[in-house]
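Let me begin by presenting the structure, written as structure tokens, before commenting on it.
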Amino acid sequence: MRLVIADSHLIVLAWPEDGALKAFQGVCPHTNAPLSDAEFDGRVLTCPIHNWTWDLASGAPIEPQESPLAEYPVKVEDGVVFIDTAGVSPLFAAR
């Protein structure tokens, strides 16, 4: 897992077990805090602030079932990662 910036978007770039490279919003939908210190075990991303978790195969919330992570289209060509940020905005939980 790596946190990157693309077109001013903070993005979590990860390669989940049994899956393809994925790109999701890099801020927690609960606190808007960067997920730079989040834990990633190959499948689950855990926010370090309140331990919210997401399945990085899909961005779906695990616990609590509050808010998914916005997913960005990503592709790799000749070893270069391209992330399309057009029309994608971070999602946030209702407060």
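Side notes on the structure shown:
- Restricting attention to segment 1-33, the residues being of a type outside the set (S, T, N, Q) and in contact with a Cys (Cβ under 8 Å, 6 or more places away or on another chain) number 3.
- Cβ separations smaller than 8 Å between residues 6+ apart or across chains give the following pairs from segment 61-72 residues that are in contact (Cβ under 8 Å) with a residue 60 or more places away in the chain to residues that are among the hydrophobic types (A, V, I, L, M, F, W, C) and buried (at least 16 other Cβ atoms within 10 Å of the Cβ): Y72/A6; Y72/I11; Y72/A23; Y72/F24; Y72/I83; Y72/V88.
- Considering residues of segment 21-51 that are charged (D, E, K, R) and part of a loop (DSSP other than H, G, I, E, B) only, the residue farthest from E77 (Cα to Cα): D37
- Of all residues in segment 8-20, those satisfying the criterion of being touching a strand residue (DSSP E or B) at 6+ places or on another chain (Cβ under 8 Å) and either part of a strand (DSSP E or B) or not aromatic (F, W, Y) (or both) are H9, L10, I11, V12, L13, A14, P16.
- Within segment 36-64, the residues that satisfy the criterion of being in contact with a Ser or Thr (Cβ under 9 Å, 6 or more places away or on another chain) and among the aliphatic types (A, V, I, L, M) are A38, V44, L45, I49, I62.
- Qualifying residue in segment 22-39 (condition: in contact (Cβ under 8 Å) with a residue 24 or more places away in the chain and charged (D, E, K, R)): yes
- Only one of the numbered conditions (1) outside any strand (DSSP E or B); (2) closer than 15 Å to M1 by Cα; (3) in contact with a Pro (Cβ under 6 Å, 6 or more places away or on another chain) is not met by S67, and that is (2).
Read-outs: derived from the displayed coordinates by stated rules, not from any lab. Here the structure is a predicted model, which means the values were calculated and not measured. Glycine also receives a Cβ, built like all others from the backbone with ideal geometry; neighbour counts cover every protein chain displayed.
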